[in-house]
Each structure stands twice: as structure tokens, then as C-alpha cells.
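Working notes, beginning with the structure itself.
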Amino acid sequence: AAKESGKNSYTLFDLDSHFSRKQRVKVIEQIGDALSSGQLELHYQPKIHLTQRRLEGFEALIRWNHPDKGLLGPVHFLDHIEYTEYARSVGNFVIREAIERLREFAEKRLPYTLSVNLSPSHFLGPDFRDDLASALGDAPRDIRSRLILEVLETTALDDTDKVLDNLRACRELGVDISLDDFGTGYSSLDLFRRLPAQEIKIDKSFVMDMLDNNDNSMIVSAIVSLSQSFQRRLVAEGIESAAVEAKLIELGCQLGQGFFYSRPVPLENALEWAENFTWNNRSNSLEPFTPI
Ligand code: C2E
Ligand code: MG
Ligand code: MG
Ligand code: MG
């Protein structure tokens, strides 16, 4: 289309792609140092057991504490490094950090699960199983079983045989699998049935406005049925109000996350939040630590 509408559009188009290419190159140039100098960190968002009214665990979400730009959320850098060597190194950093946290939880007798997000190219790449195995090292069963790997539903659709093999390999190493952003990827029921995932996470786009959007409410309700029929744990992400929480509980959704409970925060803050957590004060949120 840019081609047909003349020279100006051409220029605009080129400027545009040049800009994003520049951004991308910059991120790729800086991320290695960021990783080795400790600028990448994980923030933790609580995951609540809605029907048992208790804290189940946390999801670890990556941030870049950039020296000039401040706290950057993953949208500013993860896509840029996908399909570069850094997808693997950042992925390994995240997995290793999470396992270290789980070891600390175990020492403190804190029975929390920890979920981590996997990059598609790392997960589908040739080294994933070995990377996971070496990160787990000699970790005992109770630590392994508290690690949950979140794989995007769209990743699971990519190369089905490979995905099934990798997921089985993860299961053999004793970790759980969660299908993240479920509902956005159009997986068939047949594929869904075959995926060895113990948990599914309904994408927040369906949850956030489910009280005002009847279609989304019906989608959530259909996913609740699906999870029950196939006996998978179900997590709703993006709970921002007591009203949405109440609706999810009524529909039979077991687990939830969202700003209503807490934003993702540094470990120390998350553990302090956990210590003070009771069902009755669950909406007392902390200082935000909101990335740009
Ligand atoms: P995700 O795994 O689906 O994580 C949920 C995202 O929604 C997080 O954004 C979280 O901060 C945000 N969120 C949580 N509760 C609410 C809520 O109530 N309302 C709203 N509006 N948002 C909420 P974040 O941290 O910016 O992460 C975005 C995505 O980046 C993640 O989506 C995940 O796909 C990816 N990501 C994050 N950390 C990592 C990582 O360490 N590795 C990889 N490969 N991907 C990651
Ligand atoms: Mg996730
Ligand atoms: Mg998600
Ligand atoms: Mg998402």
C-alpha cells in the first residue's frame, strides 16, 4: 500500500521501520551488559486461591532497571531479543532466579508456587530441556513441583510435535506447565486435550471487563467449563475489582491474579505482602513499582 500511494508514503514507511530497527539494535546491544551487571530483575505478583481464600504463590515478571530510562516492562525489550542468542540467556536467568527463590522459600518453610514465563524461541529451541535440567540441578521433588512454566497458548500452536515433546520433557523433570493467555490462540479442543498442561490462564483481556462485556463473560464461562471437564487448574489474570472476583468465584474459577490484590513488586515487598495477607484485607495494595 505504501508503494502505491507515492513517494511520501515511501519515506514515511522507511523512517518508521528505521526507527524500530534502531530501537531493536540498541536493545540487543545493551541487554548482554544489562544481564551481567544485574539490571534485569524479577518482580512478583501474588496468585490467589479464590475458593480456598489463601495465597497460592507468585508469578515472576521480568523488568529492566535501565540506568537512563528507569524501570522498563517486558514490552520494551523482550520482543526485540526474541530469536537472538539473548532469548536463551535471559530465559536461563529467569529460570535460575526462580529456582533460587524456590530454594529460599523451602528453607523458610514457605509453601508457595512460582510461575515463570518462557520465551517461545527458547522453549522451542534445541537447548531448552538441557537448560532446564541443569538449572534444576539436584533440586528435590518438592522444589521442582512448585515451579510452573508458563507457555503461551500461541507457542503451543507453533510446532505441535515439538511442543508436545518439550512439554513431556518438562513434566519428566517434575515441573508443572501452564498455558498462558489462553483464549487468544485458537487452539483446537483436540490439541488442548493432548497438551500435558496442569493449568490454564485465561487472558486478562477477557477478564478485565467481563462484567461490562457479555461476550467476554461467556468466553470466561466456557473456559471454566473446559478446565473443569479436562481437570486442569484455572487461573484468571487481570482481576482489578471485587466485583470481577465475585463473578469468577460464582463461575467456579479457582485461582486469580490481578492489580486488585497486588501489582508485580520486588521480592522483598512481595514477601512482606504475603506475611500481611489475609482474605479480609486482600485489596490493600502496595506501592505500585509500575514500569513504563
Ligand atoms: P503475562 O505472563 O500474561 O503476565 C501478565 C501481565 O499482565 C503482566 O504484565 C502483569 O503485570 C499484567 N497484569 C497483572 N495483573 C493485571 C491487572 O489486574 N490488570 C492489568 N491491566 N494488567 C495486569 P507485564 O509484567 O508487563 O508482562 C507482560 C508480558 O511479558 C507477560 O504477560 C509475559 O508474556 C511477558 N513476560 C513477562 N516476564 C517475562 C519473562 O521473564 N520471560 C518471558 N519470556 N516473558 C515474560
Ligand atoms: Mg504469564
Ligand atoms: Mg497471561
Ligand atoms: Mg499476556
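The values are calculated or read from the model by the stated rules, or taken from the named source; none is laboratory data. What you are looking at is a predicted structure, and each value in this text was computed from that prediction instead of being measured. Positions of Cβ are backbone-derived with ideal geometry, glycine not excepted, and every protein chain shown enters the neighbour counts.
Structural remarks
- Boolean, Asn117 is farther than 20 Å from Leu226 by Cβ, in contact (Cβ under 8 Å) with a residue 24 or more places away in the chain and within 16 Å of ligand 2 (Cβ to nearest atom): yes
- Only a single criterion out of (1) under 30 Å from Trp273 (Cβ atoms); (2) at pLDDT below 95 is not satisfied by Phe206, namely (2).
- Residues of segment 137-166 that are assigned to a helix (DSSP H, G or I) and more than 16 Å from ligand 1 (Cβ to nearest atom): Arg141, Asp142, Ile143, Arg144, Thr160, Asp161, Lys162, Leu164, Asp165.
- Restricting segment 200-233 to residues that are within 16 Å of ligand 2 (Cβ to nearest atom), among the charged types (D, E, K, R) and closer than 21 Å to Ser262 by Cβ, the residue that is surrounded by the most Cβ atoms within 10 Å (Cβ to Cβ): Lys201
- Where a residue in segment 136-159 is buried (at least 19 other Cβ atoms within 10 Å of the Cβ) and its partner, wherever it lies, is part of a loop (DSSP other than H, G, I, E, B) and of a type in the set (Phe, Trp, Tyr), with Cβ under 9 Å and at least six apart: Arg146/Tyr112; Glu153/Tyr186
- Pairs meeting the criteria (first residue in segment 178-192 and touching a residue at least 24 places away in the same chain (Cβ under 8 Å), second residue away from ligand 3 (no atom under 16 Å from the Cβ) and in a helix (DSSP H, G or I), beta carbons under 7 Å, at least 6 apart or on different chains) are Leu191/Thr160.
- Ile95 being among the hydrophobic types (A, V, I, L, M, F, W, C), in a helix (DSSP H, G or I) and surrounded by 14 or more Cβ atoms within 10 Å (Cβ to Cβ): yes
- Within segment 234-258, tally of residues that are crowded, with 18+ Cβ neighbours inside 10 Å and touching a strand residue (DSSP E or B) at 6+ places or on another chain (Cβ under 9 Å): 15
- Selection status of Gly125, at pLDDT below 95, closer than 30 Å to Gln30 by Cα, of a type outside the set (Lys, Arg) and more than 16 Å from ligand 4 (Cβ to nearest atom): yes
- Among (1) within 16 Å of ligand 4 (Cβ to nearest atom); (2) in contact with a Cys (Cβ under 9 Å, 6 or more places away or on another chain); (3) not polar (S, T, N, Q) - the single one Lys201 does not satisfy: (2)
Each row is one residue, and each column tells you yes or no for (1) closer than 19 Å to Ser119 by Cα; (2) over 15 Å from the mean Cα position of the chain (by Cα).
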residue: Pro140; (1), (2): no, yes
residue: Leu149; (1), (2): yes, no
residue: Glu153; (1), (2): yes, no
residue: Leu157; (1), (2): yes, yes
residue: Lys162; (1), (2): yes, yes
residue: Asp165; (1), (2): yes, yes
residue: Arg171; (1), (2): yes, yes
residue: Gly183; (1), (2): yes, no
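- The one condition in (1) more than 16 Å from ligand 4 (Cβ to nearest atom); (2) closer than 16 Å to Leu149 by Cβ; (3) hydroxyl-bearing (Ser, Thr, Tyr) that Ser178 fails to fulfil: (1)
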